[in-house]
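Just so it is clear, none of the values below were taken in a lab; they were calculated from the coordinates. This is a predicted model, so every value here is computed, not measured. Here the Cβ positions follow ideal geometry from the backbone for every residue, glycine too, while neighbour counts run over all protein chains shown.
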Amino acid sequence: MSESLASRVGRMISGSINALVDAVENAAPDIVMEQAIREVDDVIGDVRLELGRVIAAKHLASNRFKDENNRFEELAEKIEIAIAKDRDDLAEAAIARQLDIEVQIPVLEQSIAEFSQKEKELDSYILALQARKREMQAELNEFRQTMAAQTGSKEGSPSGVSLETNQGHSHNVEKAQGAFDRVYQNATGVVAGDKGDMRNAAKLAELSELAHKNRIQERLQAIKGKMGNE
């Protein structure tokens, strides 16, 4: 879940009086509150969209995890066949593929765990936002009923009524508005990674390749030793 979306949800849940004081002074309070409720709906929609993306990514990672494990087992069988046929070249190629799979498995496991955690978090955010919306709607209804009782209006709408003409009910307005905050999109930046020294990078890459080939030979000999003992 992006930090900006988390911040938006947090502001919706916590609320703030200061962000809406000016708006209430210059517009009908119920209109401002209705707009705030619509903003909660917008945030719920954004969270649902993010949840869909997380669920899809988790599904893909899970499928990839299963496929890689199956491929690893298939390669193990093929390695033994290749060794039995004195085709060390084929066995080495299969072992190299196994090593590639082994380094990917932990990453896939971690990704699946993170996606599961994000899924739970987003679900809880949706429930919290829905509860907050119900509270806001109840406060809006209470405000309208209070204003209707005072003005004798059958429609129960306080449109056109300013705070200056309703000082006795300013506390109710602030109570309702205090929970409704405007949502702003936080700007994000991308920090570029350091390029590093190209010569050192080339040497490290060569060393990594040598280490990889050494692991292939070690595993090949280990498999041969295991097969010889059986």
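Table for the structure above
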{"item": "Candidate set: the stretch 85-98, residues that are under 16 Å from GLU68 (Cα atoms) and not hydrophobic (A, V, I, L, M, F, W, C); chosen: the one surrounded by the fewest Cβ atoms within 10 Å (Cβ to Cβ)", "result": "ARG97"}
{"item": "Which listed residue is in contact (Cβ under 8 Å) with a residue 60 or more places away in the chain, of a type in the set (Val, Ile, Thr), assigned to a helix (DSSP H, G or I) and surrounded by 12 or more Cβ atoms within 10 Å (Cβ to Cβ), from ILE37, ILE101, ILE81", "result": "ILE37"}
